[in-house]
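To start, the structure under review is shown below, and the notes come after it.
Throughout, read-outs are computed from the coordinates displayed, never taken from laboratory work. What you see is a predicted model, and the numbers here were worked out from it, not measured in a lab. A quick note on method: Cβ atoms are made from the backbone with ideal geometry, for glycine too, and the neighbour counts reach across all protein chains shown.
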Amino acid sequence: MLLKKIGRNDPCWCGSGKKYKFCHEAFDEKLASYNLPRRQRPTHKMIKTPEQIAGIRESAKINIAVLDEVASKIHVGMNTEEIDRIVYETTTKMGGIPAPLNYEGFPKSVCTSINEQVCHGIPAEWEVLEDGDIINVDCSTIYNGYYSDSSRMFLIGNVSEEDQRLVRVVKECVELGLEQVKPWHFLGDMGQAVNDHAKANGYSVVREIGGHGCGVEFHEDPWVSYVTEKGTDYMMVPGMIFTIEPMVNAGGPEVFVDEENDWTVYTEDGKKSAQWEIQVLVTEDGHEVISY
Ligand code: MF3
Ligand code: CO
């Protein structure tokens, strides 16, 4: 924890090998100096070392390349099992491991969520992409023990103006959220920016499923909500890495989980849902997108 006493001449908690007093002492003092009602201080575990950040960047190179490969191949008439194969093969060829495979029993290498599927869709041969579908392909990668995670939406064939708008607005939600990512500001600033833009467009944001810290493990603290208010939640500090991945519904925010596979999440009202996911590093003067 941040407030644990470290001797000033002890090695810094960040792993730099430098003495604490020459490294993160001022950082910790600054962090401790804030009064934070309805707010939380990040723990040291949430703050990545330069070595970890370098490892996560390498993992993200594969993560991005895999989604680029999917983007170049996805088409009407393809089934989602074929997307799974592209993800598995591209990832492993580059020396990575698809993080979803066998994760808490997940049977495939990627999540493919079509139309009213909100997230955690399981690729299957019987599931064929049809003209007018919108699909989220959520790709997570392990490389050399480091995790990266991002997802994109794809428009299949001729998509209605209405559904194109949903996909576009959710991307804007992520971009507006990203603008709020700066050190010594709050995760709730990001959450509110996402939520405001979704609401202003007549959409709703899923409450039960959020983003997460990501890098040394697949899902780390903090839990990242998009229904939070400005000025609340965790303080963002340099070295934190988390995902911005709002699920936005064209109708109401209510969702349910498929009883048969215990994974796939659907909108309660059957209306469409879209999601984009980026992985973001908080830097000294703002942010850097690690994966997208
Ligand atoms: N990729 C998802 C996320 O963004 C997690 C999927 S878990 C899985 O957090 F097991 F379904 F892959
Ligand atoms: Co994620």
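To one decimal place, what orientation-averaged projected area in nm² is obtained for the convex hull of the Cα set of the stretch 86-157?
5.1
Quote the FRET efficiency, to the nearest 0.05, computed for residue 158 versus residue 259 with a Förster distance R0 of 22 Å and r equal to the Cβ-Cβ distance.
0.10
Whole Å is fine, so just give me how far the alpha carbon centre of the stretch 64-119 lies from that of the stretch 226-292.
Rounded to whole Å, the Cα centres lie 19 Å apart.
Reported to two decimal places, what Rg/Rh ratio describes the stretch 44-291 when computed on Cα atoms with Rh from the Kirkwood expression?
0.95
So how far apart, in nm, are the two label points at residue 103 and residue 72 if each is 7 Å from Cα heading toward Cβ?
For the pair residue 103/residue 72, the computed spacing is 2.5 nm.
Would you mind checking the stretch 220-234 for residues with the amide N under 14 Å from a putative spin-label position 7 Å along Cα→C-beta of residue 43?
Flagged as within label range: 220-223.
Using helices alone, what [θ] at 222 nm do you get for the chain, with -39,500 (n - 2.57) per DSSP H run of 4 or more residues, divided over all residues and rounded to the nearest 500?
The helix-only estimate for the chain comes to -9000 deg cm²/dmol at 222 nm.
Could you work out how much longer the chain between residue 93 and residue 229 gets when fully extended? Use 0.36 nm per residue separation minus the Cα distance between them, nm to one decimal.
44.7 nm
Within the stretch 238-255, name every residue whose backbone N is under 17 Å away from a label modeled 7 Å from Cα of residue 168 along the Cβ vector.
What the label zone holds, given the 17 Å backbone N cut-off, is 250.
Check the straight Cα-Cα distances from residue 93 and name the lysines below 18 Å, setting aside those fewer than 8 residues away within the same chain.
Those lysines meeting the cut-off are 61, 73, 108.
Under a cut-off of 20 Å between alpha-carbon atoms, report the lysines in cross-link reach of residue 272, not counting same-chain residues fewer than 8 places apart.
Within reach: 171, 199.
Take the Cα gyration tensor of the stretch 139-251, multiply each eigenvalue by 5, square-root it, and list the three semi-axes largest first, rounded to whole angstrom.
24, 19, 11
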